[in-house]
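Enquirer: Got a structure for you, questions after.
The values are calculated or read from the model by the stated rules, or taken from the named source; none is laboratory data. No experiment lies behind these values; they were computed from the predicted model shown. Here the Cβ positions follow ideal geometry from the backbone for every residue, glycine too, while neighbour counts run over all protein chains shown.
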């Protein structure tokens with residue numbers, strides 16, 4: 001009985017995964033909810049010297065693309081093992097990231113934590129039929145996932161306030177119960 005009660009309380013406060021047809025729409029729906037959980041680009045230890053696996057929702061996308069942001073603004077990109085070299089740098093007080101790898105591309109930080117690095121392409125690529133986001137997952141976390149699994153993992157990580165909301169509610173209920181019992 002208590003188990004069902006706790007499950008009902010938990011389900012009440014969980015945010016469902018948004019309904020969307022593509023990666024961009026999922027991210028557009030989810031990113032506003034995640035805003036308070038994102039780190040900023042000054043937290044370089046989160047993204048420097050880690051392999052970041054790129055995800056796309058294109059059915060014809062089968063490449064394994066890794067992005068490396070290294071110290072001294074060195075950028076490496078590996079497409080199925082073929083490596084190209086470039087540069088990266090923070091701009092606009094760490095709110096934008098420029099990646100130069102043959103040609104330059106300007107991004108705005110959309111979300112960053114220990115496992116996800118989501119960049120929004122500056123401007124609107126949608127009329128060109130291109131994605132508006134560069135969706136990166138730390139390789140060790142995302143290597144066996146497809147893009148939908150990665151979205152679900154991101155959602156599960158933060159769907160109820162990063163896991164803290166349920167604990168806060170339980171503490172409040174316990175305090176209220178103690179007050180009622182002893183008054």
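Enquirer: On the given criteria, is residue 45 more than 19 Å from residue 159 (Cα to Cα) and either outside the structural domain of residue 154 (by TED's automatic domain parsing) or outside any strand (DSSP E or B) (or both)?
Expert: yes
Enquirer: Now for a different question. For residues in segment 134-153 being part of a helix (DSSP H, G or I), in contact with a strand residue (DSSP E or B) (Cβ under 7 Å, 6 or more places away or on another chain) and within 16 Å of residue 47 (Cβ to Cβ), which is modelled with the highest pLDDT?
Expert: Applying the filter and picking the extreme gives 139.
Enquirer: Regarding residue 114, is this residue in contact with a strand residue (DSSP E or B) (Cβ under 8 Å, 6 or more places away or on another chain) and in a loop (DSSP other than H, G, I, E, B)?
Expert: So residue 114 passes the test.
Enquirer: In segment 1-42, what residues are modelled with pLDDT of 80 or more and not in a helix (DSSP H, G or I)?
Expert: 21, 22, 38, 39, 40, 41, 42
Enquirer: Is it true that some residue in segment 47-55 is surrounded by 14 or more Cβ atoms within 10 Å (Cβ to Cβ), more than 21 Å from the chain's Cα centre (by Cα) and either farther than 16 Å from residue 119 by Cα or at pLDDT 95 or above (or both)?
Expert: No, the conditions are met nowhere in segment 47-55.
Enquirer: Taking the criterion of being in the same structural domain as residue 32 (by TED's automatic domain parsing), touching a helix residue (DSSP H, G or I) at 6+ places or on another chain (Cβ under 8 Å) and farther than 22 Å from residue 28 by Cβ, would at least one residue in segment 109-126 satisfy it?
Expert: The answer is yes, given that some residue of segment 109-126 is in the same structural domain as residue 32 (by TED's automatic domain parsing), touching a helix residue (DSSP H, G or I) at 6+ places or on another chain (Cβ under 8 Å) and farther than 22 Å from residue 28 by Cβ.
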